[in-house]
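Colleague: The following block contains the structure, expressed as structure tokens.
The values are calculated or read from the model by the stated rules, or taken from the named source; none is laboratory data. Bear in mind the structure is a predicted one, so any value in this text is a computation, not a measurement. Don't worry about glycine lacking a Cβ; one is built from the backbone with ideal geometry, like all the others, and counts go over all protein chains shown.
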Amino acid sequence: MPISSEQFRNALRHFPAGVTIVTIKTVNDDRLHGLTVSAFASLSPEPPLIMVAIDNRGVGHDMLEQEGTVFAVNILPHDKMDLSNRFAWLKDEDRFAQGDWATAVTGAPILQDALAWLDCTIYARYPTGTHTIYVGHVQASEVPRPDECPLIYWNRGYRQLRVSE
């Protein structure tokens, strides 16, 4: 018998994860959406592929299911906790009202002062339980803040990486 979802969450809270904002743009009606995501990983350098896991109950999932939708993964630096919270919890206001936003190749919003960003088209979709894994084919990327530390989420809170020399 599998473990409960509470046992699962309790175990995984001990695995640190980087914090990203995934931004989404539909082609049909140019709608924008963004959400805070820690379920992100690189998959392949040739072709350049990444993955994000998005909850099936959210607006982001509905948008990513539309043909031609594009997305970007914005890797947050240590000083972007407020922006992460904004994209995680804000419901009725424009999430993009804060932050220095632009677009790259696909038209998905990219955070110009992110640690790094990856601009993607959808390569594949894989439904998995309560989430769908979206594989992104990276069309453009930049590292605006190469010497800074990432924002980390561990044990149900934000953390900062301390680099020892």
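Colleague: If a residue has to be among the aliphatic types (A, V, I, L, M) and touching a Gly at 6+ places or on another chain (Cβ under 9 Å) to count, how many in region 44-102 make the cut? Before the answer, list the steps.
Modeller: Here is the first cut: in region 44-102, the ones among the aliphatic types (A, V, I, L, M) are 49-54, 59, 63-64, 70, 72-73, 75-76, 81, 83, 88, 90, 97, 102.
Next, from what is left, pick out any that are touching a Gly at 6+ places or on another chain (Cβ under 9 Å): 49-52, 54, 70, 72-73, 75-76, 83.
Counting residues in region 44-102 that are among the aliphatic types (A, V, I, L, M) and touching a Gly at 6+ places or on another chain (Cβ under 9 Å) gives 11.
So that you can scan it fast, the table gives a plain yes or no per residue for (1) closer than 25 Å to Arg57 by Cβ; (2) not in a loop (DSSP other than H, G, I, E, B):
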| site | (1), (2) |
| --- | --- |
| Ala124 | yes, yes |
| Thr132 | yes, yes |
| Ala140 | no, yes |
| Arg145 | no, no |
| Val163 | no, no |
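Colleague: Restrict the check to region 55-77 and report whether at least one residue is over 21 Å from Pro150 (Cβ atoms), in contact (Cβ under 8 Å) with a residue 40 or more places away in the chain and touching a Cys at 6+ places or on another chain (Cβ under 8 Å). Write out each step before concluding.
Modeller: First, pick out the residues of region 55-77 that are over 21 Å from Pro150 (Cβ atoms): 55-70.
Subset that is in contact (Cβ under 8 Å) with a residue 40 or more places away in the chain: 55-57, 61, 64-70.
This time we only want the ones that are touching a Cys at 6+ places or on another chain (Cβ under 8 Å), so: 70.
Yes, that holds for at least one residue.
Colleague: Continuing with the same structure: Starting from region 141-160, take each residue that is at positive phi and touching a residue at least 12 places away in the same chain (Cβ under 8 Å) and list its partners that are part of a loop (DSSP other than H, G, I, E, B) and surrounded by 13 or more Cβ atoms within 10 Å (Cβ to Cβ), counting only C-beta distances under 7 angstrom and pairs at least six apart or across chains.
Modeller: Once the first residue is at positive phi and touching a residue at least 12 places away in the same chain (Cβ under 8 Å) and sits in region 141-160, its partners that are part of a loop (DSSP other than H, G, I, E, B) and surrounded by 13 or more Cβ atoms within 10 Å (Cβ to Cβ) give Asn155/Arg13; Arg156/Arg13.
Colleague: Could you list, ordered by first residue, the pairs with Cβ atoms under 7 Å in which the first is in region 1-15 and in contact (Cβ under 8 Å) with a residue 24 or more places away in the chain and the second is assigned to a loop (DSSP other than H, G, I, E, B), at least 6 apart or interchain?
Modeller: Close Cβ pairs satisfying both conditions: Arg13/Asn155; Arg13/Arg156; His14/Asn155.
Colleague: State yes or no: is Leu43 in contact with a Lys or Arg (Cβ under 8 Å, 6 or more places away or on another chain) and either touching a residue at least 60 places away in the same chain (Cβ under 8 Å) or not acidic (Asp, Glu) (or both)?
Modeller: On the way: in contact with a Lys or Arg (Cβ under 8 Å, 6 or more places away or on another chain): no; either touching a residue at least 60 places away in the same chain (Cβ under 8 Å) or not acidic (Asp, Glu) (or both): yes.
In short, no.
Colleague: For region 30-53, which positions are more than 9 Å from the chain's Cα centre (by Cα), within 18 Å of Phe96 (Cβ to Cβ) and at pLDDT 95 or above?
Modeller: Leu32, His33
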